[in-house]
């Protein structure tokens with residue numbers, strides 16, 4: 001194991017240069033002790049809110065996750081963890097507005113895999129493009145390194161599948177990542193794709209493509 | 001959240017300023033240093049100190 005890292009607080013704040021962040025990402029993958037310290041620091045960041053700093057800064061809209069509907073869902077912009085959870089909630093807006101805070105807390109507290117992943121990875125997001133009239137609204141939150149993704153579909157559905165094509169289509173065939181599971185007003189799928197995903201397709205009961213999305217990985 | 005709010009308010013102004021810029025999410029530590037006209041090492045130590053105080057406050 002390499003030496004423990006020193007800059008976990010800066011990592012949690014998201015101010016490190018990309019090469020520094022990549023090094024720490026690699027270390028955290030193999031070091032439970034540092035992962036725990038990073039998680040603690042990230043919980044601190046997640047608890048912060050823009051109004052807590054009486055310095056004159058621009059509104060603290062997270063650049064990685066521009067959440068246009070934030071004011072509607074009434075979730076304070078308390079850092080990117082909340083933004084991620086709020087993004088997951090935004091899909092289910094039509095049916096659920098009250099109780100967003102409770103639902104956010106439920107996501108963070110009850111599903112350790114998802115919570116840990118949200119806490120420990122920098123992520124991107126994208127909306128699915130409808131390919132059929134019956135396409136449900138759907139979004140995906142995914143890791144910058146392609147190591148995980150989290151699909152949220154509007155409505156409690158049990159008839160859907162998510163298929164994934166790798167970013168480099170020569171390297172592997174498309175794979176079925178599984179079926180989103182109904183969770184209240186949304187259906188959700190968390191997956192570790194075998195390769196960095198290049199595109200996702202939301203499939204209906206008979207395998208027809210309902211919606212698709214291309215995943216991009218911009219350099220920071 | 002209340003603990004964080006109080007702990008941030010209790011930070012020295014220079015640490016709070018650096019932390020506020022870091023929290024915006026679109027600046028690297030190098031950019032924050034340039035913005036504040038400070039050496040990178042100073043900015044890093046202010047952020048580290050601020051985060052450790054907040055972390056201690058949350059755990060207390």
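Over the Cα atoms of the range A:148-193, the radius of gyration divided by the Kirkwood radius equals 1.05; this is the Rg/Rh ratio.
Compute the projected area of the convex hull of the Cα atoms of chain B, averaged over all viewing directions, and report it in nm² to one decimal place. Write out the running numbers ahead of the final one.
Numbers: hull surface 15.3 nm².
Dividing the Cα hull surface by four gives the mean projection, 3.8 nm².
Counting other Cβ atoms within 10 Å as a rough exposure proxy, the listed residues A:206, A:30, A:137 run A:206, A:30, A:137 from fewest neighbours to most.
What number, in percent, do you get for the relative contact order of chain B if the mean sequence gap of Cα pairs under 8 Å and at least 6 apart is divided by its residue count? Value for chain B: 44 percent.
Only helices enter this figure: runs of n ≥ 4 DSSP H residues, each worth -39500 (n - 2.57), summed and divided by the residues of chain B, yield -25500 deg cm²/dmol at 222 nm to the nearest 500. Helix B:40-59 axis versus longest C-alpha principal axis of chain B: approximately 10°, rounded to the nearest ten. The convex hull around the C-alpha trace of the range A:127-220, projected and averaged over every direction, spans 5.9 square nanometres.
Fewest neighbouring Cβ atoms within 10 Å first, the residues A:34, A:164 line up as A:34, A:164.
None of the figures in this text is laboratory data; all of them are computed from the coordinates on show. Quick caveat, the model's predicted, so the values are computed rather than measured. Because the Cβ atoms are built from the backbone with ideal geometry, glycine has one as well, and the counts that use them run over all protein chains shown.
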